[in-house]
Each structure stands twice: as C-alpha cells, then as structure tokens.
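Below is one structure, written out as structure tokens; comments come after it.
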Ligand SMILES: Nc1nc2c(ncn2[C@@H]2O[C@H](COP(=O)(O)OP(=O)(O)OP(=O)(O)O)[C@@H](O)[C@H]2O)c(=O)[nH]1
Ligand SMILES: [Mg+2]
C-alpha cells in the first residue's frame with residue numbers, strides 16, 4: 001500500500017485547484033478565472049486500491065513584496081518542504097517567463113521528487129504544447145512529463161499512475177472516504193469568498209476576506225445558523241458588494257446558500273451575510289494571522 005503527500009505547485013491560475021477537485025471528485029478548493037484565488041494550503045485526499053495520495057493545493061506563486069502575497073508565498077514554500085512529492089503545473093497558455101523560472105528553481109532546489117504536468121491541454125495549440133513540454137523536460141530532466149486538462153479530466157489518470165509509482169509505501173493516514181480535512185468554518189468562508197469573487201470579479205477580487213462570526217449546528221433539530229461577514233479594505237467598497245438595492249449581496253447570498261446547503265444535506269439553513277469594512281486589513285499583521293492561522 002502506498003501513502004504520500006503531494007504539493008500542487010504552479011503560477012496563479014495554472015489550474016491547481018481545479019485539478020485537485022477533479023482528482024478528489026469533490027469541490028475541495030474554490031476556483032476562479034482571477035489569479036490568486038487560493039490563499040491557504042488546502043488538503044484534498046484521494047484513496048483507491050493502490051493507496052492514498054494527500055494533495056495540498058497551494059496559493060499560486062506570485063513574486064511580490066506585498067504583505068498578503070508574502071504570506072501566500074510562505075504557505076506555498078512550507079508546503080513544498082513538507083511533502084513527499086511535487087505535482088508541478090505549467091499553464092500552457094502562458095509563455096514561461098521569469099516567474100515560471102523562479103518556481104521551477106524553487107521546486108528543483110527542494111530536491112523533492114516531481115511529476116511535471118503541462119495543464120490546459122484542451123485549449124493548447126501544437127506550438128504551445130511544444131513550448132510547454134520542452135520547458136518541463138529541460139527543467140526536470142529526470143521527472144515524468146505529461147500533458148493534461150484538469151478541467152476536462154484528460155490525462156488525470158496518467159498523473160495518478162506516475163504519482164503512485166513514485167510514492168513511498170505506507171499506511172492510510174486518513175479514512176478511505178475522507179476527501180478533505182478542512183474545518184467547517186473555513187469551507188463555508190471559502191464558498192462565500194468564491195461567490196463574491198464570481199459576482200464582483202473585475203472590481204476587487206483581492207480586497208476582501210470572509211469571516212464566520214457565528215456557526216451553530218443543532219443536529220437534533222437539523223438546523224444550521226451561520227452569521228458571516230464579507231470584509232472590505234475600505235469603507236467605500238461596501239457599497240459595491242451590496243449593490244443597487246442590495247442586488248449584489250442578495251445574489252452572493254443565494255449562490256452561497258445553495259452550495260453551503262450541500263455540506264448539510266437535509267438540514268434547515270439560516271445564512272446571515274453582512275458586509276463590513278476592515279481598513280487596511282491586507283497590511284494588518286493580526287488580521288493576516290487569523291487568515292493564515294495554520
Ligand atoms: N481550459 C482549461 N481551463 C482550466 C483548466 N484548469 C483550470 N482552468 C481554468 O483556469 C482558471 C484558474 O483555475 P484555478 O483552478 O482556480 O487555478 P489555480 O491554479 O488554483 O489558481 P490560484 O488559486 O489563483 O493560484 C479557471 O477559470 C479554470 O476554469 C484546464 O485544464 N483547461
Ligand atoms: Mg487555486
């Protein structure tokens with residue numbers, strides 16, 4: 001039996017979270033067309049007769065000196081160092097440049113075994129495939145190099161074959177039915193963040209964070225109460241999230257409600273969503289400590 005931890009590493013928007021969701025068959029990690037969607041390390045667990053692979057979805061590595069970005073980089077680097085293997089994703093739609101070189105170098109320097117994947121194969125031209133595959137082959141000469149589409153589930157079985165081949169022997173670390181180890185509050189706050197980004201993407205995807213202020217689950221009555229706050233960086237941004245006559249916040253609430261309900265099948269759900277301002281939160285060490293508490 002094989003058991004291993006796998007860090008999923010790549011630039012923002014290369015499709016890491018989408019791939020982890022495809023592999024686990026569950027919505028473990030939120031996704032969006034906006035780069036830098038994932039902020040924290042998120043575990044997705046895959047088990048079959050070969051054993052167990054524990055994937056860590058990481059924030060896309062983006063070079064920046066901003067405090068929030070530095071925290072996100074730290075999440076990625078700590079995951080790299082802790083894992084048995086690395087699944088390196090290259091976004092075939094973007095020409096590898098300085099940022100890609102930096103990540104490839106980080107991965108190589110870690111000395112952790114790599115499976116290198118050219119992602120988004122469903123939409124790549126022959127030339128893009130060639131550029132991407134040769135980048136991976138030259139930077140990771142001893143690693144398996146594959147092309148895949150996490151979105152369309154193409155080449156994903158081959159990725160699993162290679163990962164299980166390299167994985168060390170071991171016993172299952174999680175129950176065979178587990179697919180994530182995130183706590184409820186985190187999952188719910190991520191769903192609300194995803195719906196906010198989806199609805200207000202162009203305006204300010206990185207300026208919000210979501211906090212669960214109260215969560216009560218009465219299992220005997222089958223009722224869940226959630227009070228959550230979407231926090232903006234400036235007071236003036238609250239209006240954008242609320243929208244004319246509350247239309248944006250109503251839509252965000254409705255879409256979040258639908259998805260949160262799937263976590264509590266059959267239960268009655270009360271979701272109270274508020275919008276608040278936490279001026280300058282992206283530079284506030286205490287707030288960042290709460291967001292990156294692991
Ligand atoms: N065509 C195509 N699009 C993809 C594929 N995988 C992901 N995408 C799209 O790429 C965008 C980013 O996907 P994510 O999974 O959020 O990317 P990520 O690497 O987790 O991004 P960050 O969390 O920001 O680092 C989304 O719009 C996805 O639908 C793929 O295999 N093919
Ligand atoms: Mg992501």
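Bear in mind these aren't lab numbers, they're just calculated from the coordinates by the rules spelled out. Bear in mind that the values here come from a model prediction, so they are computed numbers and not experimental data. Virtual Cβ from ideal backbone geometry, glycine too; neighbours counted across all protein chains shown.
Express in nm, to one decimal, how much length is gained between residue 105 and residue 262 on full extension, taking 0.36 nm for each residue of separation and deducting their alpha carbon distance.
52.5 nm
How long are the three semi-axes of the equivalent ellipsoid of the stretch 109-259, in whole Å, if each is the root of 5 times an eigenvalue of the C-alpha gyration tensor, listed from largest down?
For the stretch 109-259, the semi-axes come out at 39, 24, 14 Å.
Kirkwood Rh and Cα-based Rg: tell me the resulting Rg over Rh for the chain, rounded to two decimals.
Taking Rg over the Kirkwood Rh, I get 0.98.
Grab the Cα-Cα distance for residue 270 and residue 284, subtract it from 0.36 nm times how many residues apart they are, and report the gain in nm with one decimal.
Using 0.36 nm per residue and subtracting the Cα-Cα distance, I get 1.9 nm.
Quick one: of the DSSP bridges fully inside the chain, what percent are antiparallel, nearest 5?
40 percent
Let me have the relative contact order for the chain, percent, based on Cα pairs under 8 Å that are six or more residues apart.
Normalised by residue count, the contact order of the chain is 18 percent.
Using alpha carbons only, how many degrees (0 to 90, rounded to 10) separate the axis of helix 67-82 from the longest principal axis of the chain?
Rounded to the nearest ten degrees, it is 40.
Relative contact order for the stretch 233-294 using alpha-carbon pairs under 8 Å, separation at least 6, rounded to a whole percent?
Worked out over the stretch 233-294, it gives 44 percent.
For 1, 72, 204, which order do you get if you count the other beta carbons within 10 Å of each Cβ and list the fewest first?
Final ranking by Cβ density, sparse to dense: 1, 204, 72.
Mind checking the angle between helix 126-139 and the chain's longest principal axis? C-alpha axes, 0 to 90 degrees, to the nearest 10.
Result, in degrees: 70.
In nm², what is the average projected area of the convex hull enclosing the Cα atoms of the stretch 2-166?
8.5 nm²
Can you give the angle from 0 to 90° between the axis of helix 247-263 and the longest principal axis of the chain, with both taken from C-alpha atoms, to the nearest 10?
60 degrees
For an R0 of 41 angstrom, estimate the FRET efficiency from the Cβ-Cβ distance between residue 238 and residue 123 and round to the nearest 0.05.
It comes out at approximately 0.65.
Which length gain, in nm to one decimal place, applies between residue 160 and residue 175 when the Cα-Cα distance is subtracted from 0.36 nm times their residue separation?
3.5 nm
Sort 3-11, 122-130, 80-88 for me by packing, meaning the mean count of neighbouring Cβ atoms within 10 Å per residue, highest on top.
3-11, 80-88, 122-130
Please report the equivalent ellipsoid semi-axes of the stretch 1-86, computed as sqrt(5 x eigenvalue) of the Cα gyration tensor, largest first, in whole Å.
In descending order, the three semi-axes are 23, 15, 8 Å.
Quick one: Cα centre-to-centre distance for the stretch 152-228 and the stretch 48-125, in angstrom?
19 Å
Ratio to report: Rg/Rh of the stretch 106-165, with Cα atoms as the point set and Rh obtained by the Kirkwood method; give two decimals.
My calculation puts Rg/Rh at 0.98.
Could you tell me the ratio Rg/Rh of the stretch 184-291? Both radii from Cα atoms, Rh via Kirkwood.
Ratio value, two decimals: 0.98.
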